[in-house]
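The values are calculated or read from the model by the stated rules, or taken from the named source; none is laboratory data. What you are looking at is a predicted structure, and each value in this text was computed from that prediction instead of being measured. Methodologically, a virtual Cβ is constructed for each residue, glycine included, from the backbone with ideal geometry; neighbour enumeration extends over all protein chains shown. Heavy atoms of the whole protein, side chains included, go into the accessibility calculation; ligands, DNA and RNA do not. Shrake-Rupley method; radii C 1.70, N 1.55, O 1.52, S 1.80 Å.
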Amino acid sequence: MDIDVVMSLAKNSYSAAEQYAQITTKITRTDAATPHLADKFGAATGADSDVVAMLDEFYEYLRTTTARYQLVGEQLEASARDYVQTDTEQQDVYNRYQNDFDAYDIGEADLGIDPGREAGDTDRPDGATDAQPDGFGTDENPAENIEAGDGYLSGLDPEEGN
């Protein structure tokens, strides 16, 4: 195991968590505009309600992503810590990273969430579905709406599992 790679990945995961947390904070600033999403009588139209729901759903995805990056950083750091207990050759590399993490508070940012609680399934609005638009696949159904020879699935045969 190359501790340098593992600790670098942990550092990058912590950084990604902090950056996603910043985006999440920016999304909350749009809340002030919600009352303005209305017709001339002050009532929200269907489109207005859809915009608010989309922002709410996006916000929840950002929180989930933030939490997951934070937990990945913690798990990578813990794995490296455990590994160097048995491989003293890598101990100096781990210590160098750990000193930097401590000196620069890497992995200690207040993300405004509890990563352990937020890393589960994203809280989605009641109207959200798992249906994919035409041309998009998922891990669960990679060939959904994609014809053989189109896009990134060219040459793959779902029957063969590749």
With criteria (1) surrounded by fewer than 14 Cβ atoms within 10 Å (Cβ to Cβ); (2) in a helix (DSSP H, G or I), Q70 comes up short on (1)
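Looking only at region 32-55, which residues are open to solvent by 80 Å² or more (accessible area, probe 1.4 Å) and either under 18 Å from D123 (Cα atoms) or touching a residue at least 12 places away in the same chain (Cβ under 8 Å) (or both)? Before the answer, list the steps.
The first filter runs over region 32-55 and keeps only residues open to solvent by 80 Å² or more (accessible area, probe 1.4 Å), leaving 35-36, 40-41, 50, 54.
Within region 32-55, D50, M54 meet the criteria.
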N145 meets each of (1) in contact with an Asp or Glu (Cβ under 7 Å, 6 or more places away or on another chain); (2) modelled with pLDDT of 90 or more with one exception, condition (2)
Every listed condition ((1) part of a loop (DSSP other than H, G, I, E, B); (2) at negative phi) holds for G42 save (2)
Given the conditions (1) part of a helix (DSSP H, G or I); (2) over 23 Å from A128 (Cβ atoms); (3) at pLDDT below 95, every one holds for S15 apart from (3)
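F58 - would you say it is under 28 Å from the mean Cα position of the chain (by Cα), open to solvent by 40 Å² or more (accessible area, probe 1.4 Å), more than 20 Å from V5 (Cβ to Cβ) and of a type in the set (F, W, Y)?
Working: under 28 Å from the mean Cα position of the chain (by Cα): yes; open to solvent by 40 Å² or more (accessible area, probe 1.4 Å): yes; more than 20 Å from V5 (Cβ to Cβ): yes; of a type in the set (F, W, Y): yes.
Yes: the conditions hold for F58.
Taking A78 as the residue in question, decide whether it is over 16 Å from M7 (Cβ atoms) and open to solvent by less than 80 Å² (accessible area, probe 1.4 Å). Let's see the steps before the verdict.
On the way: over 16 Å from M7 (Cβ atoms): no; open to solvent by less than 80 Å² (accessible area, probe 1.4 Å): yes.
The answer is no for A78.
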The number of residues in region 103-134 that are over 15 Å from E18 (Cα atoms), surrounded by 10 or more Cβ atoms within 10 Å (Cβ to Cβ) and not polar (S, T, N, Q) is 6
